[in-house]
Ligand SMILES: [Zn+2]
C-alpha cells in the first residue's frame, strides 16, 4: 500500500518502503516534504536525537566528533550512505527547492556537494536536474588540515553556474571548503545564489545563513547547541556526556 504521507510511517522499514514507491513513480516531484515530515523521517531512521527538557542528571547528553558536548545529534551521512531510496527522496526535494527558485537567466550546468556524505546526494540531484556532477574528494594535508578537492574541473564555461547542495550545515566549514576546492582548479567558478540543504543545524547564537553569496534553503531547520566542557550546562547538573552511536548509548539517549 502506498501511504499518502510519510508522517504515517511508524518504522524505518516503512519509511524506506514509502521512499522507494514514491521515487519509482512517474510523479514529479515524487513527494514534497514539509519540515515536520523531514524531522519525522530522520527520527524514524534513527539518525536524529535532541535533548528534551531542562538539563537533568539522569538524562545523558551527546559527546560529538569535534570533542564538544551537544544537546543534539544528527547523522545524515549514515542515512545517505545506507538508504539510497530515502536519499533519492531528499534529492528530489532539494532539486525541487532549487528549481522553483531558479530564474530564467540563471544558467547552471553542474552540481557539487562535500565529500563524503553529500557525494551521492549531489550525484542524485545532478541526475534529476540533468546537470553534470562534480565529485569532491576529502584530502588531508601534511599539516593535518582537511580540504575538499575536485579531480575533474567543472565545465570551463564561465556563464554556467554551479549548484552546491549539502546534507547538513553545522558550522558551514566543509561547504566553504568545497568552494575553495572548486576555485583551486577553476578560479572563476560561479555558484547559484541559493544552496539547498536537507538540515541546517547551525547554532542559533551564530546561525549560518549563507555560504558565500548563496543563501541556504533548508528542508529542516534544527537548533542544536554545542558546548565546550567548561561551559556545558548538562555537565554542570551531573548529566553524562556519551558518544551517541557507541555501545548501547543510542538507547540511553533516546529512551529517557
Ligand atoms: Zn557536557
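The values are calculated or read from the model by the stated rules, or taken from the named source; none is laboratory data. All values reported here derive from a predicted model rather than from experimental measurement. Neighbour counts run over all protein chains shown; Cβ positions are idealised from the backbone, glycine included.
Some observations on this one:
- Given (1) farther than 18 Å from residue 193 by Cα; (2) more than 14 Å from the chain's Cα centre (by Cα); (3) assigned to a helix (DSSP H, G or I), number of the condition residue 120 does not satisfy: (2)
- Contacts under 8 angstrom Cβ, first residue in the stretch 210-236 being under 27 Å from residue 198 (Cα atoms) and in contact (Cβ under 8 Å) with a residue 24 or more places away in the chain, partner in a loop (DSSP other than H, G, I, E, B) and near the ligand (Cβ under 10 Å from one of its atoms), 6 or more apart: 224/71; 225/71; 226/68; 227/68; 228/68
- Matching residues in the stretch 41-63 - criterion: being outside any helix (DSSP H, G or I), in contact with a helix residue (DSSP H, G or I) (Cβ under 7 Å, 6 or more places away or on another chain) and farther than 17 Å from residue 201 by Cα: 45, 55, 60
- Flag if residue 38 is in contact with a helix residue (DSSP H, G or I) (Cβ under 9 Å, 6 or more places away or on another chain) and either part of a strand (DSSP E or B) or closer than 23 Å to residue 171 by Cβ (or both): yes
- Against the list (1) in a loop (DSSP other than H, G, I, E, B); (2) in contact with a strand residue (DSSP E or B) (Cβ under 8 Å, 6 or more places away or on another chain), the condition residue 109 fails is (1).
- Subset of the stretch 59-78 [more than 10 Å from the ligand (Cβ to nearest atom) and within 27 Å of residue 119 (Cβ to Cβ)]: 64, 65, 66, 67, 72, 73, 74, 75, 76, 77, 78
- With a requirement of 1 or more residues that are at pLDDT below 95, the helices (runs of 4 or more DSSP H) lying completely within the stretch 158-256 that satisfy it span 173-185, 249-254.
- Close Cβ contacts (under 6 Å, 6 or more residues apart or on different chains) running from residues in the stretch 66-82 that are closer than 20 Å to residue 45 by Cβ to residues that are in a helix (DSSP H, G or I) and away from the ligand (no atom under 16 Å from the Cβ) comprise 80/87; 80/120; 80/121.
- Counted residues, the stretch 197-243 - those being more than 13 Å from the chain's Cα centre (by Cα), closer than 18 Å to residue 49 by Cα and more than 13 Å from the ligand (Cβ to nearest atom): 4
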